[in-house]
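The values are calculated or read from the model by the stated rules, or taken from the named source; none is laboratory data. Quick caveat: nothing in here was measured; it's all calculated off a predicted structure. Methodologically, a virtual Cβ is constructed for each residue, glycine included, from the backbone with ideal geometry; neighbour enumeration extends over all protein chains shown. Heavy atoms of the whole protein, side chains included, go into the accessibility calculation; ligands, DNA and RNA do not. Shrake-Rupley method; radii C 1.70, N 1.55, O 1.52, S 1.80 Å.
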Amino acid sequence: MAIRLYRAYSPGTRSKSVSYFDDLSKTKPERTLTFGKKSCGGRNNRGVITLRGRGGGHKRKYRVIDFHRKSSISAKVSTIEYDPNRNARIALLQYNDGSKKYIIAPRSLRVGMDVSSGTDVPIEIGNAMPMEYIPLGSIIHNVELTLGKGGQIARAAGTYAQLIAKEGDFVTLKLPSNEVRLVNKRCYATLGQVGNVDSINITLGKAGRNRWLGKKSKVRGSVKNPNDHPHGGGEGRSPIGKSKPVTPWGKPALGVKTRKVRKDSSKYILRSRR
């Protein structure tokens, strides 16, 4: 995938860059695998904002992605498509039994290639299998953490995990966050790195493109009034007046670990991401 740059025709194009989209199939999404997605604007069932900074944005249709890859039937890649709900590309698989499913498209996957899943499939890009059958040092994505739950790790554009050891019932993975942890060897993973690796290099160029994505601008706490934020008040550009930054509700912010200390899965983490 390539990045398209713009000349400074306007302030919005001065630093603007977009994806080329030349690797995508010129087809509409599979109708049986899409449904309307209602925007909530960060509000819960009572209409109270629980996630600030959300609202507006372009209307989207959700694509149903197969994160399990449990089917033992081989399939052919029918199309590579854009997904408005994620920064990775998705691939439509046409199975030999006639069914269709979307998967996260790995890097170098092309239309017409064959992919499969199971315990006795070849070691090729796009094939899914339990991690006990994957060679050491392999690059994988869409990794399961819980048996049968489907892939949860390394699903964003350009991400991958690396299988670095096997011992007993567990394999050792180095995750995209540099965390090293144990995962059950029977959990499924897909070979290869997630595609659209240049997604991180895209520059929006103007605030309006963030609004198209459903993101609102945020106001710093230090420029608010004291009754709106603990950092607020003062004359001019004054400091926050506290030893450490806090949230609007007075809890510590910026760099404070929020993970539960006695969480059960902590015993599987060999090296923390921080």
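Close contacts from the stretch 161-180, counting a first residue that is farther than 16 Å from Ser266 by Cβ and a second that is of a type in the set (Lys, Arg), with Cβ to Cβ under 7 Å and a gap of 6+ residues or different chains, come to Ala161/Lys174; Gln162/Lys174; Ile164/Lys174; Lys166/Lys185; Asp169/Lys185; Val171/Lys185; Asn178/Arg273. Any residue that is open to solvent by 90 Å² or more (accessible area, probe 1.4 Å), more than 19 Å from Ile49 (Cβ to Cβ) and under 28 Å from the mean Cα position of the chain (by Cα) - is there at least one of those in the stretch 229-248? For the stretch 229-248, residues open to solvent by 90 Å² or more (accessible area, probe 1.4 Å), more than 19 Å from Ile49 (Cβ to Cβ) and under 28 Å from the mean Cα position of the chain (by Cα): absent.
Inside the stretch 96-140, residues that are touching a residue at least 60 places away in the same chain (Cβ under 8 Å) and touching a strand residue (DSSP E or B) at 6+ places or on another chain (Cβ under 8 Å) make up a count of 18.
Scanning the stretch 96-131 for residues that are open to solvent by less than 70 Å² (accessible area, probe 1.4 Å), of a type outside the set (Val, Ile, Thr) and assigned to a loop (DSSP other than H, G, I, E, B) yields a total of 12.
Return the residues of the stretch 249-262 that are within 28 Å of the chain's Cα centre (by Cα) and exposed (fewer than 10 other Cβ atoms within 10 Å of the Cβ); say none if nothing qualifies. Within the stretch 249-262, Leu254, Gly255, Lys257, Thr258, Lys260, Val261, Arg262 qualify. Among the residues making up the stretch 179-195, those that are closer than 15 Å to Arg155 by Cα, at pLDDT 95 or above and assigned to a loop (DSSP other than H, G, I, E, B) are Gly192, Gln193.
Among residues of the stretch 253-272 that are under 22 Å from Arg220 (Cα atoms), those with a Cβ under 7 angstrom from a residue that is outside any loop (DSSP other than H, G, I, E, B) and at pLDDT 90 or above, sequence gap 6+ or separate chain, pair up as Ala253/Val246.
Among the candidates Leu136, Leu147, Leu204, Leu191, the residue that is surrounded by 15 or more Cβ atoms within 10 Å (Cβ to Cβ) and more than 21 Å from Leu92 (Cα to Cα) is uniquely Leu204. Are any of the residues in the stretch 48-62 modelled with pLDDT of 95 or more and under 27 Å from Ala128 (Cα atoms)? Yes; the residues of the stretch 48-62 include at least one that is modelled with pLDDT of 95 or more and under 27 Å from Ala128 (Cα atoms). Starting from residues that are under 14 Å from Lys61 (Cβ atoms), in contact (Cβ under 8 Å) with a residue 24 or more places away in the chain and open to solvent by 100 Å² or more (accessible area, probe 1.4 Å), keep the ones in the stretch 1-36 and report whichever is nearest to the chain's Cα centre (by Cα). Top of the filtered list is Phe35. No other residue among Glu167, Glu179 is over 20 Å from the mean Cα position of the chain (by Cα) and more than 24 Å from Val64 (Cβ to Cβ) apart from Glu167.
Would you please name the residue that is least open to solvent (accessible area, probe 1.4 Å), looking only at residues in the stretch 37-74 that are in contact (Cβ under 8 Å) with a residue 24 or more places away in the chain and polar (S, T, N, Q)? Going through the qualifying residues, I end up with Ser71.
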